[in-house]
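A short write-up of the structure that comes next.
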Amino acid sequence: MIFRDMPDVPPRPATTSNAPFRRWLYSRWGKEHAIIGASLRHAEIGAWSQPLSIKAVWGGSSEHRIDNRRVCVDDDSYVVLNEDRSYGSTWRSDRADRDMSALCIFLKRGMPAEVFGAMSTSLAQAADEGADLPRRPLAFCERLRPHDISVTPLLKDLHEAVRRGESDETWFAERYQELLEAVITTEHLLQQRAETIRSVKPSTRIELMRRVNWATDYILSNYADTISLDDIASAASLSKFHLVRLFRQVHNTTPHAFLQRKRAQVARRMIEITDLDLNDVAANVGFGSRWTMFRQLRRSFGVSGLALRAR
């Protein structure tokens with residue numbers, strides 16, 4: 001299934017005209033792949049049990065409400081949400097006068113275990129067993145993932161294919177296989193970062209890494225607000241002492257420095273692609289003043305806000 005606009009589903013009201021479409025969609029959802037490549041300024045989809053999904057945006061943000069967490073994807077990240085996860089989503093463009101690009105990929109149920117099983121099987125085993133390969137369930141870490149050189153180009157290619165009108169389902173199926181392989185490989189690399197947490201047993205490292213991921217996502221999803229170390233520690237269910245210690249081990253920096261770096265990244269993007277007043281940019285990304293923003297831009301990128309605007 002290929003959609004070039006957000007499908008007409010709740011919370012949009014049910015009508016006699018959209019009832020046939022919704023019956024058709026619900027009867028097929030999760031049984032086959034689906035991709036949404038949309039240009040929009042605002043959209044919302046209510047809480048719904050989904051197959052495994054991958055989401056990316058450009059020129060805006062998408063907010064996903066997972067359990068008691070709020071995870072916001074923007075130009076710097078993408079997210080993978082596990083099979084049978086129930087969540088609601090909202091999309092908003094960064095600018096009232098310009099559309100954002102939204103990409104949502106939903107892989108049919110069972111495909112992650114199928115691909116992971118195949119990746120764990122040697123060519124000799126594949127020759128012996130043919131197409132009947134064992135499946136291996138895999139749970140992804142539901143955290144914001146920075147764009148990279150393996151997954152991100154595939155996401156952009158898929159979005160461009162939808163927007164240019166590509167409709168060959170076989171072509172998309174091949175790209176989904178390639179994308180899922182890249183995502184699984186990246187997942188292993190992310191899980192290995194738990195090894196940076198020292199002096200605890202493996203099961204505890206995994207749990208502590210999960211808490212650091214909560215803190216990281218909280219910062220990346222709330223950077224525009226005034227947030228304190230207490231807020232970040234609360235999001236991670238850790239004491240402030242242990243949060244700073246663990247965060248430094250994983251990210252090689254402190255939560256506050258990580259927050260300021262994120263604000264500087266977004267400020268740089270806004271200065272380069274919008275004509276917003278620099279005071280407004282500083283306020284929109286959470287800096288107290290343009291001078292604080294200028295100092296952080298120079299510290300992070302070696303360039304001032306005025307120089308970025310002059311470009």
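The values are calculated or read from the model by the stated rules, or taken from the named source; none is laboratory data. In this text the structure is predicted, and so the values were computed from the model without any measurement. Glycine also receives a Cβ, built like all others from the backbone with ideal geometry; neighbour counts cover every protein chain displayed.
So the values come out like this:
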read-out: Among the candidates Ala264, Ala215, Ala235, residue that is over 23 Å from Asp67 (Cα atoms), outside the structural domain of Val57 (by TED's automatic domain parsing) and assigned to a helix (DSSP H, G or I); value: Ala264
read-out: Any hit, the range 7-24, residues being out of contact with any Pro (no Cβ under 6 Å at 6 or more places or on another chain), of a type outside the set (Lys, Arg) and within 18 Å of Ser93 (Cα to Cα); value: yes
read-out: Test: Ala307 is small (Gly, Ala, Ser), assigned to a helix (DSSP H, G or I), free of Cβ contacts under 8 Å to residues at least 12 places away in the same chain and within 30 Å of Asp99 (Cα to Cα); value: yes
read-out: Unique match (being without any contact (Cβ under 8 Å) to a residue 12 or more places away in the chain, in the same structural domain as Arg109 (by TED's automatic domain parsing) and not small (Gly, Ala, Ser)) among Asp8, Asp67; value: Asp67
read-out: Selection status of Ile45, in contact with a Gly (Cβ under 8 Å, 6 or more places away or on another chain), of a type outside the set (Lys, Arg) and in a strand (DSSP E or B); value: yes
read-out: Unique residue being within 22 Å of the chain's Cα centre (by Cα) and surrounded by fewer than 15 Cβ atoms within 10 Å (Cβ to Cβ) when the list is Asp231, Asp225; value: Asp225
read-out: Only one of Ala96, Ala124 that is modelled with pLDDT under 85, exposed (fewer than 14 other Cβ atoms within 10 Å of the Cβ), part of a helix (DSSP H, G or I) and in the same structural domain as Trp58 (by TED's automatic domain parsing); value: Ala124
read-out: Hey, Arg23 free of Cβ contacts under 8 Å to residues at least 40 places away in the same chain and either not aromatic (Phe, Trp, Tyr) or not in a helix (DSSP H, G or I) (or both) or not; value: yes
read-out: Check on Phe258, surrounded by 15 or more Cβ atoms within 10 Å (Cβ to Cβ), touching a Pro at 6+ places or on another chain (Cβ under 8 Å), of a type in the set (Phe, Trp, Tyr) and part of a helix (DSSP H, G or I); value: no
read-out: Residue in the range 197-206 that is assigned to a helix (DSSP H, G or I), within 20 Å of the chain's Cα centre (by Cα), surrounded by fewer than 20 Cβ atoms within 10 Å (Cβ to Cβ) and of a type outside the set (Lys, Arg) present; value: no
read-out: Residue satisfying all of: in the range 60-91; in contact with a helix residue (DSSP H, G or I) (Cβ under 8 Å, 6 or more places away or on another chain) and not in a strand (DSSP E or B); farthest from Ala43 (Cα to Cα) among these; value: Glu83
read-out: The range 266-277: number of residues that are surrounded by 18 or more Cβ atoms within 10 Å (Cβ to Cβ) and either among the aromatic types (Phe, Trp, Tyr) or touching a residue at least 40 places away in the same chain (Cβ under 8 Å) (or both); value: 4
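Okay, residues lined up against (1) crowded, with 16+ Cβ neighbours inside 10 Å; (2) in a helix (DSSP H, G or I); (3) of a type in the set (Phe, Trp, Tyr); (4) modelled with pLDDT of 95 or more:
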residue	(1), (2), (3), (4)
Leu154	yes, yes, no, yes
Leu158	yes, yes, no, yes
Ala161	yes, yes, no, yes
Thr170	no, yes, no, no
Gln177	no, yes, no, no
Glu181	yes, yes, no, no
Thr186	yes, yes, no, no
Gln191	no, yes, no, no
